[in-house]
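In what follows, a single structure is set out as structure tokens and then discussed.
The values are calculated or read from the model by the stated rules, or taken from the named source; none is laboratory data. As the structure is a prediction and not an experimental result, all values here were calculated from the model. Cβ coordinates were reconstructed from backbone atoms using ideal geometry, including for glycine residues, and neighbour counts include every protein chain displayed.
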Amino acid sequence: MTPTILFPAEWYPQSGIQLTWPHEATDWAYMLDEVTACYIDLAREIAKREHLLIVTPHPEQVKQLLQGVVDPDAETFAECPTNDTWARDHGGITLLRNGEPCIYDFKFNGWGLKFAANYDNLITSTLYRQQRFQARYENRLNFVVEGGALESDGAGTLLTTSECLLSPNRNGEWSKERIEEYLKETFGLQRVLWLDHGYLAGDDTDSHIDTLARFAPDDTIVYVRCTDTTDEHYEALRRMEEQLRTFTTLDGSPYRLLPLPMADAVHDENGERLPATYANFLIMNDAVLYPTYRQPANDRAAAEVLQAAFPGREMVGIDCSPLIRQHGSLHCVTMQYPENVLR
């Protein structure tokens, strides 16, 4: 008998959140104190509300950092070698098969062979062997995909970008048709909505969907809009908005579209533009953690849009200026697990 498969939306009830902690052997080494302070803020806000799973090669060090910040009963440490910290992309992806949680472990190859991922690709299987999950484990290492590339509405529709999923260094020998068929079968989907436009300068992921457009309850899509005609993103994001307007729900109704502000340009020490985006928020059981970039007007405007998308949830801003220096943000460094998954 064919199993009933559900790919839950991020607002499905959760058992906790994973953070993979930065250390001196990661790309954060040159700014470790600054990014660690950001992670401590994140850990504090997550653990106030849900269980926190911290993956690190140095659990005792991190425990010391969080002493007096996080209730020990609200945290679990998993000792594990890591290359980097992007839990969204190396973390396990939870499906419900006949109502039972199942962790899919896809291949993570450093966003299309851009960065070393030999340790990160083994994190999910290591966590399973350490019995961190109350869920079945399924080896899906024959297919390359990252969590940041997948947006589910929990009702049979997946939103993704053609730029990322059709990247030649991921599953280059697979056609778009074959990839779509695999996604439908693997995630129990009725359809895949492919976003063909939109990008952010400085993004290493080949346009992950979680940097551009996100599902919210009640047939809502929250997306980044650029209104500055002189900005290099203007045309691509205008085309993205036009394509979003053509998408309809399964019953043929238009989506409710809520535009997020474009963050003012943020540059690194070499003058390279960084992919600051307000779409990179984390949905929790009773809150939304959203990135801020020390831009008071934009930060406030983003919170108002997200409050409209998630009216019952508390809005919690986290200064992600340190995270953006390594070309990612808040959603990129977290992975939620549905209820009855984390031990």
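Return a yes/no flag: does segment 333-340 have any residue that is at negative phi, part of a helix (DSSP H, G or I) and either at pLDDT 95 or above or not polar (S, T, N, Q) (or both).
In the first step, residues of segment 333-340 are kept if they are at negative phi; the result is 333-339.
Checking which are part of a helix (DSSP H, G or I) leaves us with 333.
Subsequent filtering for residues that are either at pLDDT 95 or above or not polar (S, T, N, Q) (or both) retains 333.
There is at least one residue in segment 333-340 that is at negative phi, part of a helix (DSSP H, G or I) and either at pLDDT 95 or above or not polar (S, T, N, Q) (or both).
Say whether the condition of being of a type in the set (Gly, Ala, Ser) and closer than 30 Å to GLU314 by Cβ is met by at least one residue in segment 177-191. Please lay out each step first, then the result.
Initial filter on segment 177-191 (of a type in the set (Gly, Ala, Ser)): 188.
Filter again for closer than 30 Å to GLU314 by Cβ, leaving none.
Looking through segment 177-191, none of the residues is of a type in the set (Gly, Ala, Ser) and closer than 30 Å to GLU314 by Cβ.
Mind checking which residues of segment 145-163 are part of a loop (DSSP other than H, G, I, E, B) and either touching a Leu at 6+ places or on another chain (Cβ under 9 Å) or more than 28 Å from TRP11 (Cβ to Cβ) (or both)? Let's see the steps before the verdict.
The initial filter retains those residues of segment 145-163 that are part of a loop (DSSP other than H, G, I, E, B), namely 145-146, 150, 153-156.
VAL145, LEU150, ASP153, GLY154, ALA155, GLY156 - these are the residues of segment 145-163 that are part of a loop (DSSP other than H, G, I, E, B) and either touching a Leu at 6+ places or on another chain (Cβ under 9 Å) or more than 28 Å from TRP11 (Cβ to Cβ) (or both).
Which number in (1) in contact (Cβ under 8 Å) with a residue 40 or more places away in the chain; (2) in contact with a helix residue (DSSP H, G or I) (Cβ under 9 Å, 6 or more places away or on another chain) marks the one condition that LEU65 misses?
(1)
For segment 294-317, which residues satisfy the criterion of being within 13 Å of ALA276 (Cβ to Cβ) and out of contact with any helix residue (DSSP H, G or I) (no Cβ under 6 Å at 6 or more places or on another chain)? Give the derivation first.
Just the residues of segment 294-317 that are within 13 Å of ALA276 (Cβ to Cβ), to begin with: 294-295, 298-299, 302.
Scanning segment 294-317 gives GLN295, ASN298, ASP299, ALA302.
Which residue is farthest from ARG170 (Cα to Cα), if the candidates are limited to segment 121-144 and must be β-branched (Val, Ile, Thr) and assigned to a helix (DSSP H, G or I)? Outline the logic, then answer.
Applying the first criterion (β-branched (Val, Ile, Thr)) to segment 121-144 yields 123-124, 126, 144.
Okay, now just the ones that are also assigned to a helix (DSSP H, G or I), so 123-124, 126.
Values: ILE123: 19, THR124: 19, THR126: 23 Å.
The residue in question is THR126.
Within segment 82-106, restricting attention to residues that are among the charged types (D, E, K, R) and touching a strand residue (DSSP E or B) at 6+ places or on another chain (Cβ under 8 Å), which residue is surrounded by the fewest Cβ atoms within 10 Å (Cβ to Cβ)? Full working, then the answer.
First, pick out the residues of segment 82-106 that are among the charged types (D, E, K, R): 84, 88-89, 97, 100, 105.
Filter again for touching a strand residue (DSSP E or B) at 6+ places or on another chain (Cβ under 8 Å), leaving 84, 88, 97, 100, 105.
On the way: ASP84: 23, ARG88: 28, ARG97: 16, GLU100: 12, ASP105: 21.
Only one residue tops the list, namely GLU100.
So ASN109 clears everything in (1) surrounded by 18 or more Cβ atoms within 10 Å (Cβ to Cβ); (2) touching a Phe, Trp or Tyr at 6+ places or on another chain (Cβ under 8 Å) except one condition, right? Which one?
(2)
Residues in segment 59-77: is at least one under 19 Å from the mean Cα position of the chain (by Cα) and of a type in the set (D, E, K, R)?
Initially, segment 59-77 is screened for residues under 19 Å from the mean Cα position of the chain (by Cα), giving none.
So far as segment 59-77 goes, no, none of its residues is under 19 Å from the mean Cα position of the chain (by Cα) and of a type in the set (D, E, K, R).
Considering only segment 194-222, state which residues are free of Cβ contacts under 8 Å to residues at least 60 places away in the same chain, of a type outside the set (D, E, K, R) and surrounded by fewer than 22 Cβ atoms within 10 Å (Cβ to Cβ).
Correct list: TRP194, HIS197, TYR199.
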